[in-house]
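Okay, structure first, notes after.
The values are calculated or read from the model by the stated rules, or taken from the named source; none is laboratory data. Bear in mind that the values here come from a model prediction, so they are computed numbers and not experimental data. We place every Cβ from the backbone using ideal geometry, glycine too, and count neighbours over all the protein chains shown. Please note that ligands, DNA and RNA were not included when accessible areas were found on the heavy atoms of the full protein model with its side chains. Shrake-Rupley method; radii C 1.70, N 1.55, O 1.52, S 1.80 Å.
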Amino acid sequence: FNHRSLLLYFIASVKAIIIMVVRYATWGDENHRSRSNTSVSDGEYHDTRSKGRQAVNPNRTTMFHGHVTRVSELPLGTQLHGSPELKEAGLTGRGIKVGVIDSGCDMDHSLFGGMLIKERVYKQEAGGKLDDEPHGTHVAGTINMMAPEAEIIGYRVFGAESVSGGDLHLSGTQTTNEAIAMALDQAVQDGCDIINMSLGTPSADIPIADACKAASRKGVILVVAAGNEGDDDPMTVELSYPAPMKETISV
């Protein structure tokens, strides 16, 4: 590939991801929109977003878990990604279940509004504590801010200790990669429509790859981190798996 080909490939890939996510969100909330007082077509949805960008009212409000919140008080990331506009269009995640395979989620965090419904633990820090870096809680919180009516299930796959027993009949000897593969299979059994993995390994892992393929065959959307290993050289490749797999959306 030359530089121009790489640029065109990148633009096409980003466009494809945006179209896929918007279409899935529209499909996922179709029943909810049909029950609402005002029907919102795709054209009206895009018009709403456009108008919002043209004139931003600092006193504009939106609903979040039953509370009126000023848009200007929302995290900047959720504003830039159109969280208020999604809610106004009826795209709240209702009826969608999202699995978060990560370092664990804080089940007691009040801002989830009861939508973090379960956590399955495969690995943990000493004494069952969450990781000192609340990465999984942050990821789940971002999903909740964008789709506040989506149900979220956390799958804790990082930590110094492997968990044994429980309803998953864990051996207590599972490695991190084995825990990720097991969590993928369990998320499919739990009925997750989307699985988020903000993680990656420097080399491909066969059990993880097989679990991704099995989930994809069931129609589950897999969103995976592209990685943070870039060296600012466009001619080198720093792959982070399973993001390169065709079954995933690499972000």
- With the full set of protein chains in place, find how many percent of the accessible area of the stretch 151-199 is carbon and sulfur; take the probe as 1.4 Å. 46
- Message: Please list ASP205, ASP232, ASP102, ASP210 from largest to smallest accessible area, probe radius 1.4 Å, with all protein chains kept in place.
- Response: ASP232, ASP210, ASP205, ASP102
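State to the nearest 20 debye the size of the charge dipole of the stretch 134-211 about its Cα centre, where the only charges are +1 on K and R beta carbons and -1 on D and E beta carbons.
Values: 1 positive and 10 negative charges, 50 e Å.
Approximately 240 debye in magnitude.
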- Could you give me the radius of gyration and the Dmax of the stretch 123-188, taking only the C-alpha atoms into account and expressing both in angstrom? 12.9, 36
- Relative contact order (%) - the stretch 68-187, alpha-carbon pairs under 8 angstrom, separation at least six: 32
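In the stretch 106-197, which trypsin sites (Lys or Arg not before Pro) fall in coil by DSSP and have 16 or fewer other Cβ atoms within 10 Å?
Those satisfying the criteria are LYS129.
State the percentage of accessible surface on the stretch 66-129 attributable to carbon and sulfur atoms; use a 1.4 Å probe and exclude ligands, DNA and RNA.
Values: 1640 of 3110 Å².
So the carbon and sulfur contribution to the accessible surface is 53 percent.
Too long at a 25 Å Cα-Cα cut-off: which of LYS97/LYS218; LYS123/LYS213; LYS129/LYS246; LYS129/LYS218; LYS97/LYS246; LYS218/LYS246? Spell out each step's value before the answer.
Working: LYS97/LYS218 14 Å; LYS123/LYS213 23 Å; LYS129/LYS246 35 Å; LYS129/LYS218 33 Å; LYS97/LYS246 22 Å; LYS218/LYS246 15 Å.
Pairs exceeding the cut-off: LYS129/LYS246; LYS129/LYS218.
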- Note on the structure: Binned at 10 Å starting from 0, the alpha-carbon pair-distance distribution of the stretch 48-201 in whole percents comes out as 11, 37, 29, 16, 6, 1
- Message: Suppose a student asked you for the relative contact order of the stretch 107-251, using Cα pairs under 8 Å spaced at least 6 residues apart; what percent would you report?
- Response: 19
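I need the trypsin sites (Lys or Arg not before Pro) found in the stretch 184-222, filtered to DSSP loop residues with at most 15 other beta carbons within 10 Å of theirs. Before the final figure, lay out the partial values.
Numbers: sites: LYS213, ARG217, LYS218; in loops: LYS218.
Hits after loop and neighbour filter: LYS218.
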- Per residue, what accessible area does the stretch 120-251 have, given a 1.4 Å probe and all protein chains present, in Å²? 50
